[in-house]
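Enquirer: Quick one: structure below, then a few questions.
Derivation of every value follows stated rules applied to the coordinates shown; laboratory data play no part. Quick caveat, the model's predicted, so the values are computed rather than measured. In this analysis, Cβ positions are derived from the backbone assuming ideal geometry, glycine residues included, and neighbour counts consider all displayed protein chains.
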Amino acid sequence: MVLDLTPMAAQPIKDAIGAVRWGGTIVLAGLKGHKEIPIQTDMLINKALTVKGAFSVDAAAYQAARGRGGRRGRHPRRGHAGPVSLGFSGRDT
């Protein structure tokens with residue numbers, strides 16, 4: 001699993017695609033300011049990658065996204081906000 005937390009930068013997404021193992025997962029949590037970011041979609045397909053977005057605002061939310069607990073409850077702008085299941089296992093590292 002590769003986790004991108006870098007705000008506003010496009011290069012970490014491109015680096016993540018190159019770095020993640022075949023069949024791996026890329027989690028995008030760094031907001032990019034609504035910028036369009038060109039990526040090579042063939043790499044996503046050829047490496048059989050899973051790309052997920054994770055809305056989070058603090059360390060507890062990141063822990064919840066990684067399946068390690070964290071806060072649960074209601075986000076003021078959204079409905080129920082429980083932990084995000086990424087299907088993470090030790091083989092994903």
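Enquirer: Starting from the 7 Å offset along Cα-to-Cβ, what nm value, one decimal, do you get for the label separation of K14 and T50?
Expert: 2.7 nm
Enquirer: Moving on to the next point. Which far-off residues, 5 or more places away or on another chain, put their amide H under 5 Å from the one on L49, with H placed in the peptide plane?
Expert: For L49, the qualifying residues are G23.
Enquirer: Could you check the simple spin-label distance between A60 and T41, using points 7 Å along Cα→Cβ, in nm with one decimal?
Expert: 3.9 nm
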